[in-house]
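One structure is given below, encoded as structure tokens.
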Amino acid sequence: MNKHFKLLLCVTLPMFVVLLTSDLVSKFLIDSSLGLGKSTSFLPGFINIVNVHNNGAAWGMFSGAQTFLIVLSFVFIGALIWLMIAEKTKNPLFHIALGFVFAGSLGNLIDRLAFGYVRDFLHFEFWPTFPVFNIADICLTLGVILFIAYFIVAIIKNKRKKKEEQFAKKD
């Protein structure tokens with residue numbers, strides 16, 4: 001078994017399962033224990049828990065365009081699967097990012113398919129204009145940041161390798 005496949009099984013898959021489960025269980029708990037539109041303080045002065053149903057994407061973009069957002073989610077997940085197959089890297093950062101992004105994408109897609117909206121519940125009390133979000137949104141954000149870091153490192157390594165090859169040819 002090659003190292004890429006081992007990382008998928010040992011890093012990406014367990015991480016994906018834990019994160020997706022955390023997202024879905026937290027949404028269920030909030031939805032079943034806190035009435036729609038109701039809120040409670042979680043960390044006073046920092047985070048409130050508020051039960052909100054989001055019919056759009058971040059900051060209310062594409063509100064009411066569930067079909068478009070569902071299709072977009074499937075396209076995005078398909079692109080992630082292609083990237084996972086095409087990028088046969090042994091770098092754990094890639095696999096961690098993949099686990100985060102898969103979990104976040106699938107968590108919100110499951111909500112859209114099951115309910116027609118995404119269940120959001122985390123709200124920064126100190127930043128009232130910031131949108132309410134959920135664990136899937138956190139996973140997506142962290143995953144994208146990690147992917148950016150992975151690709152920046154890969155680009156830098158590739159440039160270094162090319163320079164070393166150019167110097168080796170000159171000798």
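For the reader, a short list of remarks on this structure follows.
- Scanning the range 108-142 for residues that are assigned to a loop (DSSP other than H, G, I, E, B) and in contact with a Phe, Trp or Tyr (Cβ under 7 Å, 6 or more places away or on another chain) yields Glu125, Phe126, Phe130, Pro131, Val132, Asn134.
- Qualifying position, being under 18 Å from the mean Cα position of the chain (by Cα) and surrounded by 15 or more Cβ atoms within 10 Å (Cβ to Cβ), among Val11, Val17: Val11
- Identity of the residue in the range 23-36, in contact (Cβ under 8 Å) with a residue 60 or more places away in the chain and surrounded by fewer than 17 Cβ atoms within 10 Å (Cβ to Cβ), that ends up farthest from the chain's Cα centre (by Cα): Leu34
- Qualifying residue in the range 25-43 (condition: farther than 18 Å from Phe124 by Cβ and at pLDDT below 90): no
- Selection of the range 67-91 for residues being within 23 Å of Asn54 (Cβ to Cβ) and either touching a Gly at 6+ places or on another chain (Cβ under 6 Å) or among the β-branched types (Val, Ile, Thr) (or both) yields Thr67, Ile70, Val71, Val75, Ile77.
- Considering Phe124, Phe130, Phe100, the condition of being of a type in the set (Phe, Trp, Tyr) and under 16 Å from the mean Cα position of the chain (by Cα) is satisfied by Phe100 alone.
- The range 37-68, subset part of a helix (DSSP H, G or I), open to solvent by 80 Å² or more (accessible area, probe 1.4 Å) and among the hydrophobic types (A, V, I, L, M, F, W, C), residue nearest to Phe115 (Cα to Cα): Phe68
The values are calculated or read from the model by the stated rules, or taken from the named source; none is laboratory data. Everything numeric here is computed off the predicted structure, so don't read it as measured data. In this analysis, Cβ positions are derived from the backbone assuming ideal geometry, glycine residues included, and neighbour counts consider all displayed protein chains. Surface accessibility is based on the protein's heavy atoms, side chains included, excluding ligands, DNA and RNA. Shrake-Rupley method; radii C 1.70, N 1.55, O 1.52, S 1.80 Å.
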